[in-house]
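Colleague: One structure coming up, written as structure tokens, with questions to follow.
The values are calculated or read from the model by the stated rules, or taken from the named source; none is laboratory data. All values reported here derive from a predicted model rather than from experimental measurement. Positions of Cβ are generated from backbone atoms using ideal geometry, with glycine treated the same way; all protein chains shown enter the neighbour counts.
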Amino acid sequence: MNEMNEVRKPPVATTGIIGWLRINLFFNWTNSLITLFVIYCLYQFIPWILDWTIFSADFKYNYLGEQITNQEMCSRNLDPENGGACWAVIYVRFYQFIYGFYPKVEVWRVNVAYAMLALALLPLLYAKLPYRKYFLYFTYIFPVIAYFLLNGGLGFTEVSTNKWGGLLVTLVLGCTGIALAFPIGIMLALGRRSKLPVISMMCTLFIEFIRGVPLITLLFFGMVMLPLFLPEGIDMDGLVRVLVAVTLFQSAYMAEVIRGGLQAIPPGQYEAAKSLGMSYWRMNLLIILPQAIRISIPPIVNTSIGLFKDTTLVIIVGILDLLGIGRGTLADTNWLGLSYEIYFFVSLVFFIFTFGMSRYSLYLEKKLKTGINMGAD
Amino acid sequence: MKKLLSIFAVVAFAFSAHAGTLDDVKNRGFLKCGVTTGLAGFAAPDDSGEWAGLDADMCRAVAVAVFGDRSKVEFITTTGKSRFPTLASGEVDMLARNTTWTISRDVNLGFEFVGVNFYDGQGFMVPSALGVSSATELDGATVCIQTGTTTELNLADFFRLNGISYEALPIETNDEGKENLFAGRCDVYTTDASGLSSTRAAASNPDKWKVLPEIISKEPLGPLVRHGDHQWGDVVRWSLNAMIIAEELGVTSENVDAQMSSNVPEVLRLLGVEGNYGEMLELSNDWAYQIIKQIGNYSESYEANVGPDTPLEIARGLNALWTQGGILYAPPFR
């Protein structure tokens, strides 16, 4: 009897660490070969990169204990046998990387804006936040506050956008582009599917035109052509012109992404909404768009990440974003030749932001269960 | 249609109304000067975010001439492609952006080059180990060259003239050229001599690389303004000339106060002790004194930014005064 009650354990080879390894890494001989090859590569690469970036790197002082103020003082330039990365350049230039040329006495305004941005994003990121409604009000007025904080006015001294740079410009371009493109994109997507020929033709024309030209062309258009159309008295700010170009570009792409979502909604949903006597706007706002946007989350995040990285193109029109500041640093005779450190740092910052965005999109997908039983759940 | 016409009228007016840049600058309270997004020795932000370099000094000199204050300048970064539209649209008052003075830019684009603040020229850099001492020995070499530039055409001309062949390895940026040369993918890298110097300075062991003596093109780099505003052009031109003349007369930022009681007539005229040259330019009479006091003469600016004591180690060469074997020459101050 006892023997009958005894539960037999599953074979060792299918559970625990060993089981996981067998199934995922050593399933058959090709699989095993690839695993071994990758392990070998990592074994070669990881110690080297750790050594270069951390263990034999200079952070503020070189191996002689002196504070580094130019590239000649980096350990690896003093003694090529000794030393890895020379992060002192990032340390010395950190202010420029984060704020650009923003005046030091006013920099608290940027810090406040950064903190407020985090606060404004909070209710968007966590649906369960207590008092979420009030936080959301703050999110809506945040752009206005940020404008006055960063640019000046309302008692703040004006700081010309020419002095903005680094991460500040990257974030302003990325956030504004993404935030404005979303509503514009929705309108364009609805417009393109509209039964009114004038509206649908105009939207299609706009989308196809913008999608048909590279972002660089639009940036040049914004930078070079726009001022020619404006009388001299009206001086449109350089950053604003770039923002216009970036927003137009992003909204055309966003429109197509959302149109894809709209087309995935079964016609039954439209018919059901109409049979309830809903107007066009009520139908879209309450029935169609919530579902369409839900299934479009992965591509929306995809284009947003794309835009965030594309903001580096503004260097071409002479605006120094994070990457531009990096290149400017490389042109300083004090820091010539430290391109590995600078590009590594810039890519790390970009990676942190884009990886954060993609993780957030995964979390949203899980929470909203996108892709399951659309239209029938 | 009427609205459209009026817009065109306004645009046309805007273009014709560029005369009076000096007044615009004075009213605005600061100078807008177009510089590069970063070029070693010419214009690059330093650790405190201040722009430094030969071109940045040129901008500051003009700001000092107008306001007597070296901080009254806003640097607008421009790229090779955006620099000309930025100047034409009036977004900057002047460009000091290592721009080569050519006939088409001077005439066709409607700009006015007011002088030359650096005589550059295309050169070659090779590994010392290659054992080459002249560019004419480069038969059959692989050359790293930036595409779509005048350097490409100059290179083709030079090799054809000398009856030797080469293989081009097209690259886009200076960084790319550097990496390719250092990795041995090309035997020679060719670009402007000042660019070669900064590339060499960036190498982990600069002595392993050698800049060949041949300079195969003329690249006079200088500040420029819009066509048609001669008063403003004069201000920029004489700000540059004042620095060159100061070097010629031995006036430096350190001895300028002592030179106020000099017995050389041209020094007294330059420093505004005699004559009313400032008034002629609609500037204060001590404008040149202020430039020398706050920026220094040409030599001081050169030595601090690109000279032999900087990592760039560019010898004066063509940029020496005409009295010292170079071709730097400014018209007399009288």
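The rows are residues; the columns are (1) within 21 Å of the chain's Cα centre (by Cα); (2) within 14 Å of another protein chain (Cβ to nearest Cβ); (3) under 30 Å from residue A:294 (Cα atoms).
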{"position": "A:153", "(1), (2), (3)": "no, no, no"}
{"position": "A:164", "(1), (2), (3)": "yes, yes, no"}
{"position": "A:172", "(1), (2), (3)": "yes, no, yes"}
{"position": "A:182", "(1), (2), (3)": "yes, no, yes"}
{"position": "A:188", "(1), (2), (3)": "no, no, yes"}
{"position": "A:213", "(1), (2), (3)": "no, no, yes"}
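Colleague: Please enumerate the residues belonging to segment A:59-83 that are away from chain B (no Cβ under 13 Å) and among the small types (Gly, Ala, Ser).
Modeller: A:65, the sole residue that qualifies.
Colleague: Considering only residues that are out of contact with any Leu (no Cβ under 7 Å at 6 or more places or on another chain), buried (at least 16 other Cβ atoms within 10 Å of the Cβ) and of a type in the set (Lys, Arg), which ones fall in segment A:107-164?
Modeller: A:163
Colleague: Here are the criteria: (1) in contact with a Gly (Cβ under 8 Å, 6 or more places away or on another chain); (2) over 30 Å from residue B:103 (Cα atoms). Tell me which single one residue B:185 does not satisfy.
Modeller: All conditions pass for residue B:185, except number (1).
Colleague: Restricting attention to segment A:335-356, report how many residues are more than 7 Å from chain B (Cβ to nearest Cβ), under 20 Å from residue B:206 (Cα atoms) and in a helix (DSSP H, G or I). Break it down into steps so the answer makes sense when it comes.
Modeller: Step one: filter segment A:335-356 for residues more than 7 Å from chain B (Cβ to nearest Cβ), giving A:335, A:338, A:340-356.
Narrowing the set further to residues that are under 20 Å from residue B:206 (Cα atoms) leaves A:335, A:338, A:340-341.
Of the ones still in play, those that are also in a helix (DSSP H, G or I) are A:335, A:340-341.
So the answer is 3.
Colleague: Further, regarding this structure: Between residues in segment B:82-103 that are at the interface with chain A (Cβ under 9 Å from one of its Cβ atoms) and residues that are acidic (Asp, Glu) and in a loop (DSSP other than H, G, I, E, B), which pairs lie under 7 Å by C-beta distance while being six or more apart or on different chains?
Modeller: Correct list of pairs: B:90/A:232.
Colleague: Looking for something within 11 Å of chain A (Cβ to nearest Cβ) and either crowded, with 24+ Cβ neighbours inside 10 Å or among the aliphatic types (A, V, I, L, M) (or both) - is there at least one such residue anywhere in segment B:204-223? Walk me through how you get there before you give the answer.
Modeller: Filtering segment B:204-223 down to residues within 11 Å of chain A (Cβ to nearest Cβ) leaves B:204-206.
Adding the requirement that they be either crowded, with 24+ Cβ neighbours inside 10 Å or among the aliphatic types (A, V, I, L, M) (or both) leaves none.
No, segment B:204-223 has no match at all.
Colleague: Output the helices (runs of 4 or more DSSP H) that fall wholly within segment B:268-334 and possess 1 or more residues being under 15 Å from residue B:244 (Cβ atoms), or say none.
Modeller: Correct list: B:287-294, B:298-305.
Colleague: Tell me the strands (runs of 3 or more DSSP E) entirely within segment B:185-256 that contain at least 1 residues that are of a type in the set (S, T, N, Q) and in the same structural domain as residue B:131 (by TED's automatic domain parsing). Walk me through how you get there before you give the answer.
Modeller: Details: elements: B:188-192, B:209-211, B:219-221, B:224-226.
Because the criterion is at least 1 residues that are of a type in the set (S, T, N, Q) and in the same structural domain as residue B:131 (by TED's automatic domain parsing), the strands (runs of 3 or more DSSP E) in segment B:185-256 that meet it are B:188-192.
Colleague: Kindly indicate the residue of segment B:66-81 that is outside any loop (DSSP other than H, G, I, E, B) and more than 25 Å from residue A:313 (Cβ to Cβ) and also farthest from the other protein chains (Cβ to nearest Cβ) among those meeting that condition.
Modeller: Quick first cut of segment B:66-81, residues outside any loop (DSSP other than H, G, I, E, B) only: B:66-67, B:73-77.
Now restrict to residues that are more than 25 Å from residue A:313 (Cβ to Cβ): B:66-67, B:73.
Working: B:66: 19, B:67: 17, B:73: 11 Å.
Across segment B:66-81, the extreme among qualifying residues is B:66.
Colleague: Among what's in segment A:30-65 and is assigned to a helix (DSSP H, G or I) and among the aromatic types (Phe, Trp, Tyr), pick the residue that is surrounded by the most Cβ atoms within 10 Å (Cβ to Cβ). Break it down stepwise before answering.
Modeller: Within segment A:30-65, the first condition is being assigned to a helix (DSSP H, G or I), and the residues that meet it are A:30-55.
Subset that is among the aromatic types (Phe, Trp, Tyr): A:37, A:40, A:43, A:45, A:48, A:52, A:55.
Values: A:37: 10, A:40: 10, A:43: 10, A:45: 10, A:48: 11, A:52: 17, A:55: 9.
Among those residues, the one meeting the criterion is A:52.
Colleague: If you don't mind, there's one more thing I want to ask. Out of the residues in segment B:305-334 meeting the condition of being without any contact (Cβ under 8 Å) to a residue 60 or more places away in the chain and of a type in the set (A, V, I, L, M), tell me which one is surrounded by the most Cβ atoms within 10 Å (Cβ to Cβ).
Modeller: Of everything passing the filter in segment B:305-334, B:320 is surrounded by the most Cβ atoms within 10 Å (Cβ to Cβ).
Colleague: Counting just the residues of segment A:257-296 that are out of contact with any helix residue (DSSP H, G or I) (no Cβ under 9 Å at 6 or more places or on another chain) and touching a residue at least 40 places away in the same chain (Cβ under 8 Å), which one comes out surrounded by the most Cβ atoms within 10 Å (Cβ to Cβ)?
Modeller: Among residues in segment A:257-296 that are out of contact with any helix residue (DSSP H, G or I) (no Cβ under 9 Å at 6 or more places or on another chain) and touching a residue at least 40 places away in the same chain (Cβ under 8 Å), the one surrounded by the most Cβ atoms within 10 Å (Cβ to Cβ) is A:266.
Colleague: For segment A:309-323: of the residues being under 11 Å from residue A:350 (Cβ atoms) and within 12 Å of chain B (Cβ to nearest Cβ), which is surrounded by the most Cβ atoms within 10 Å (Cβ to Cβ)?
Modeller: Filtering first and then ranking leaves A:321.
Colleague: Now for a different question. Any idea which of (1) within 14 Å of chain B (Cβ to nearest Cβ); (2) touching a helix residue (DSSP H, G or I) at 6+ places or on another chain (Cβ under 7 Å); (3) free of Cβ contacts under 8 Å to residues at least 40 places away in the same chain; (4) of a type outside the set (S, T, N, Q) is the one residue A:225 doesn't satisfy?
Modeller: (2)
Colleague: Another question, if that's okay. If you go through segment A:236-281 one residue at a time, how many are within 14 Å of chain B (Cβ to nearest Cβ), of a type in the set (A, V, I, L, M, F, W, C) and assigned to a loop (DSSP other than H, G, I, E, B)? Steps first, please.
Modeller: Let us first name the residues in segment A:236-281 that are within 14 Å of chain B (Cβ to nearest Cβ), namely A:236-242, A:245.
When the remaining residues are screened for being of a type in the set (A, V, I, L, M, F, W, C), the result is A:236, A:239-240, A:242, A:245.
This time we only want the ones that are assigned to a loop (DSSP other than H, G, I, E, B), so: A:236.
Total satisfying the criteria: 1.
Colleague: State whether the residues of segment A:160-168 include one that is assigned by TED's automatic domain parsing to the domain that holds residue A:347 and of a type in the set (A, V, I, L, M).
Modeller: Among the residues of segment A:160-168, at least one is assigned by TED's automatic domain parsing to the domain that holds residue A:347 and of a type in the set (A, V, I, L, M), which makes the answer yes.
Colleague: Now, a different point. If you take the residues in segment B:37-54 that are in contact with a Ser or Thr (Cβ under 7 Å, 6 or more places away or on another chain) and not small (Gly, Ala, Ser), which one is surrounded by the most Cβ atoms within 10 Å (Cβ to Cβ)? Step through it out loud before you land on a result.
Modeller: Within segment B:37-54, the subset in contact with a Ser or Thr (Cβ under 7 Å, 6 or more places away or on another chain) is B:37, B:40-43, B:54.
From the residues that got through so far, the ones that are not small (Gly, Ala, Ser) too are B:37, B:42, B:54.
Details: B:37: 24, B:42: 29, B:54: 25.
So, considering only residues that are in contact with a Ser or Thr (Cβ under 7 Å, 6 or more places away or on another chain) and not small (Gly, Ala, Ser), the one surrounded by the most Cβ atoms within 10 Å (Cβ to Cβ) is B:42.
Colleague: Pick from segment B:168-203 the residues that are over 25 Å from residue B:36 (Cα atoms) and small (Gly, Ala, Ser): which of them is nearest to the other protein chains (Cβ to nearest Cβ)? Full working, then the answer.
Modeller: Applying the first criterion (over 25 Å from residue B:36 (Cα atoms)) to segment B:168-203 yields B:168-169, B:182-188.
If we keep only those that are small (Gly, Ala, Ser) too, we end up with B:168, B:183-184.
Values: B:168: 24, B:183: 14, B:184: 18 Å.
Checking each candidate, the answer is B:183.
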